[in-house]
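The values are calculated or read from the model by the stated rules, or taken from the named source; none is laboratory data. Here the structure is a predicted model, which means the values were calculated and not measured. Here Cβ is always computed from backbone atoms with ideal geometry, including for glycine, and neighbour counts include all displayed protein chains. What goes into the accessible areas is simple: the full protein's heavy atoms, side chains included, and nothing from ligands, DNA or RNA. Shrake-Rupley method; radii C 1.70, N 1.55, O 1.52, S 1.80 Å.
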Amino acid sequence: MAIFIGMTELEFRPRFRFRTTLHPDVIRDRLRTHVREKNPVGFRLKGTGPHLVLQYPPEQQVPWTPQLDMDLEMDQQPGDETYTVVRCLIGPAPEIWMMFLGSYIGIAVLSVFGIAIGSAQVMMTELPWGFYATLPLLALAAVLWLLAQEGKRRSRSAMLGLKHFVDDALGCDCFRLADEEATR
């Protein structure tokens, strides 16, 4: 039995979690078995202990190809049976994510410098070219945002493929459970 909490729509880096009575070792074994025996796509499972990563094979990966990070944690509420909380994150590979994040941080820092220089230039009644220097940075930020949206659009079916693979391996219908949880 699994209780799916959150995520009814796939976002850029959707996070979701569900509870199951399956032990973390059973979950790992089911995923490993599914990767070996029922894996026409060729997914690869990496990770040890409580953290697993489900990835598309390298020959199928492009910059927007997502991966599924899964963390397994045993928990128990007083008076209830022990269950496993499965936390999942579907998103781009860490290198791609950091490239976007680093670019946004760089743009923000350069924009702050441009605004500071422009403000000083205005106080000194000079031409505020510092303000004008931030305009290309804003355009670059917009381009990065559009690239992220396009990557999200292109990765949608791959994200669904990862979710369906986990659903099949664990024997749950997480989409249905997510909808039920969202309507409560």
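Hey, what number do you get for the chain at 222 nm if only DSSP H runs of n ≥ 4 count, each worth -39500 (n - 2.57), divided across all residues, to the nearest 500?
Mean residue ellipticity, 222 nm, calculated: -18500 deg cm²/dmol.
Multiply the residue separation of Asp75 and Asp29 by 0.36 nm, subtract the distance between their alpha-carbon atoms, and state the gained length in nm to one decimal.
14.6 nm
Stretched out straight at 0.36 nm per residue, the stretch from Val85 to Ile115 would grow longer than its current Cα-Cα span by 6.2 nm. Compared with the dominant principal axis of the Cα atoms in the chain, helix 24-37 is inclined by about 90°.
Based on alpha-carbon positions alone, could you give the equivalent ellipsoid semi-axes of the range 13-117 from the gyration tensor, as √(5λ), descending, whole Å?
Value: 35, 22, 8 Å, ordered largest first.
A 1.4 Å probe over all protein chains sorts Asp167, Asp69 by accessible area into Asp69, Asp167, starting with the largest. For Val35, the shell of other residues with beta-carbons less than 13 Å away shows a net charge of +4, using +1 for Lys and Arg and -1 for Asp and Glu. Solvent-accessible area of the chain (1.4 angstrom probe, protein heavy atoms only): carbon and sulfur portion equals 61 percent.
For the range 36-103, applying the loop criterion from DSSP together with a ceiling of 11 other beta carbons within 10 Å to the GluC sites (Glu not before Pro) yields Glu81. Computed on the chain, the Cα convex hull volume stands at 163 Å³ per residue. Take Thr33: with every protein chain present and a 1.4 Å probe, its accessible area is about 50 Å².
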